[in-house]
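S.K.: Can you keep this structure in mind? I'll have questions shortly.
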Amino acid sequence: MDDLSLFEEVVRLKKSGQPATLVTVVATKGSTPRKTGAKMLVHGDGTISGTIGGGKTEADTIEAALRSMQTGEPGLLSFSLTEQHGHVCGGDVTIYLEPLHVTPLALIIGAGHVGRAVGRMAGEAGFLVRIIDTSGRSDAKEVIPSPVDNLEETFAALGVSSNSFLFIATSEHKQDFVAAAAALKTCACYVGVLGSTRKRAAMENFLQERGYPAEDMSRIISPAGLDIRAETPEEIAVSVVAQMIQQRRTSP
């Protein structure tokens, strides 16, 4: 992959909110398979675009790039290209890891009044917003249709990661519970469910019957949103997005 194609891929990933780390060879000494300036892009699933020379050096770099993706911190790696690293070149290489700072994803499950209000507010607050309709009734272009039983696949297709915020507000309690179960199988940093303390108790019973441990259920924030006595969809949106921002700013 040439540099132009690689940078076009970087732009595509940033626009879609998908995590990745750009790897660049910044210094070499002696004989090395790639020279200064060589680049590789490591995607969130561990796949790569381009190469920095293969072997154990590249494999170790991919592992480090994935860690860099999680922490958001750049870093330097240095390798001596001995047989231990799958090479016989004998040279030295220094590699710079640059995680892409992608826009956090706000994924709204439920296209009703509250869900749309949260989506609008989250967009204004700098989140990349996607709204999922589980009812099958909406034909709006900006809404992604997905049966509630297919949410796991939909979350995977949308690239839900540790930089994702999930807010659940479908038209039915049972759908909310199923959506919450699917959300717990992701590594999303925020899982909020619209409702009351009574609804939360019913949801916990639902999840417990399906084998979810208390540790998993503790990830769910319900009732979602900061306690500002919100009543209207717009007020609820303020409380929910404020809580999402709070989580975003306090996460390591």
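S.K.: Asn150 passes all but one of (1) under 22 Å from Val102 (Cβ atoms); (2) modelled with pLDDT under 95; which number fails?
M.R.: That leaves (1) as the condition not met.
Let's see how each residue does on (1) in contact with a Gly (Cβ under 8 Å, 6 or more places away or on another chain); (2) free of Cβ contacts under 8 Å to residues at least 60 places away in the same chain; (3) over 28 Å from Ser16 (Cβ atoms):
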| position | (1), (2), (3) |
| --- | --- |
| Arg198 | no, yes, yes |
| Ala202 | no, yes, yes |
| Ser222 | yes, yes, yes |
| Ala230 | no, yes, yes |
| Val240 | yes, no, no |
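S.K.: Could you list, ordered by first residue, the pairs with Cβ atoms under 7 Å in which the first is in segment 1-26 and closer than 28 Å to Leu81 by Cα and the second is of a type in the set (S, T, N, Q), at least 6 apart or interchain?
M.R.: Met1/Ser49; Leu6/Ser49; Thr21/Ser68; Val23/Thr61; Val25/Thr36; Val26/Thr36; Val26/Thr94
S.K.: Within the group Ile144, Ile228, Ile236, Ile220, which residue is of a type in the set (Val, Ile, Thr) and at pLDDT below 95?
M.R.: On the way: Ile228 fails: at pLDDT below 95; Ile236 fails: at pLDDT below 95; Ile220 fails: at pLDDT below 95.
On inspection, the qualifying residue turns out to be Ile144.
S.K.: Limited to segment 196-211, what total is found for residues that are touching a helix residue (DSSP H, G or I) at 6+ places or on another chain (Cβ under 7 Å) and assigned to a loop (DSSP other than H, G, I, E, B)?
M.R.: 1
S.K.: Looking at Leu22, is it surrounded by 14 or more Cβ atoms within 10 Å (Cβ to Cβ), aliphatic (A, V, I, L, M) and assigned to a helix (DSSP H, G or I)?
M.R.: Working: surrounded by 14 or more Cβ atoms within 10 Å (Cβ to Cβ): yes; aliphatic (A, V, I, L, M): yes; assigned to a helix (DSSP H, G or I): no.
So Leu22 fails the test.
S.K.: From the list Ala183, Ala237, Ala214, Ala202, exactly one residue is out of contact with any Phe, Trp or Tyr (no Cβ under 7 Å at 6 or more places or on another chain), farther than 19 Å from Phe155 by Cβ, surrounded by 21 or more Cβ atoms within 10 Å (Cβ to Cβ) and not β-branched (Val, Ile, Thr). Which is it? Talk me through it step by step, then tell me what you get.
M.R.: Values: Ala183 fails: farther than 19 Å from Phe155 by Cβ; Ala214 fails: surrounded by 21 or more Cβ atoms within 10 Å (Cβ to Cβ); Ala202 fails: surrounded by 21 or more Cβ atoms within 10 Å (Cβ to Cβ).
Of Ala183, Ala237, Ala214, Ala202, the one residue that is out of contact with any Phe, Trp or Tyr (no Cβ under 7 Å at 6 or more places or on another chain), farther than 19 Å from Phe155 by Cβ, surrounded by 21 or more Cβ atoms within 10 Å (Cβ to Cβ) and not β-branched (Val, Ile, Thr) is Ala237.
S.K.: State which residue is surrounded by the fewest Cβ atoms within 10 Å (Cβ to Cβ) when the search covers only segment 116-166 and only residues that are hydroxyl-bearing (Ser, Thr, Tyr) and under 14 Å from Arg248 (Cβ atoms).
M.R.: Ser162
S.K.: Filter segment 172-193 down to the residues that are under 14 Å from Arg219 (Cα atoms) and more than 21 Å from the chain's Cα centre (by Cα) and list them by number.
M.R.: Phe177
S.K.: Ok, one more. What do you reckon, is Gly136 at positive phi and either at pLDDT 90 or above or not basic (Lys, Arg) (or both)? Please lay out each step first, then the result.
M.R.: Working: at positive phi: yes; either at pLDDT 90 or above or not basic (Lys, Arg) (or both): yes.
Judged against the criteria, Gly136 is a match.
S.K.: Hey, can you tell me all the residues within segment 189-220 that are of a type in the set (D, E, K, R) and closer than 22 Å to Arg248 by Cβ?
M.R.: At the first step, the residues of segment 189-220 found to be of a type in the set (D, E, K, R) are 198-200, 204, 209-210, 215-216, 219.
Those that are of a type in the set (D, E, K, R) and closer than 22 Å to Arg248 by Cβ: Asp216, Arg219.
S.K.: Let me ask another. Please verify whether segment 74-95 includes one or more residues that are part of a loop (DSSP other than H, G, I, E, B), under 30 Å from Phe155 (Cβ atoms) and free of Cβ contacts under 8 Å to residues at least 40 places away in the same chain. Break it down into steps so the answer makes sense when it comes.
M.R.: First pass over segment 74-95, keeping only residues part of a loop (DSSP other than H, G, I, E, B): 74, 81-82, 86-91.
Add one more test, that the residue is under 30 Å from Phe155 (Cβ atoms), and what stays is 74.
This time we only want the ones that are free of Cβ contacts under 8 Å to residues at least 40 places away in the same chain, so: 74.
Taking every residue of segment 74-95 in turn, at least one turns out to be part of a loop (DSSP other than H, G, I, E, B), under 30 Å from Phe155 (Cβ atoms) and free of Cβ contacts under 8 Å to residues at least 40 places away in the same chain.
Here is a yes/no grid of residues against (1) surrounded by 14 or more Cβ atoms within 10 Å (Cβ to Cβ); (2) free of Cβ contacts under 8 Å to residues at least 60 places away in the same chain; (3) not in a loop (DSSP other than H, G, I, E, B):
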| position | (1), (2), (3) |
| --- | --- |
| Gly37 | no, yes, no |
| Ile52 | yes, yes, no |
| Ala59 | no, yes, yes |
| Ser68 | yes, yes, yes |
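S.K.: Please work out if Arg229 is loosely packed, with under 13 Cβ neighbours inside 10 Å and not in a loop (DSSP other than H, G, I, E, B). Outline the logic, then answer.
M.R.: Working: loosely packed, with under 13 Cβ neighbours inside 10 Å: yes; not in a loop (DSSP other than H, G, I, E, B): no.
The answer is no for Arg229.
The values are calculated or read from the model by the stated rules, or taken from the named source; none is laboratory data. Nothing here was measured: the structure is a model prediction, and the numbers come from that model. Cβ sites come from the backbone with ideal geometry, for glycine too, and all protein chains shown count toward neighbours.
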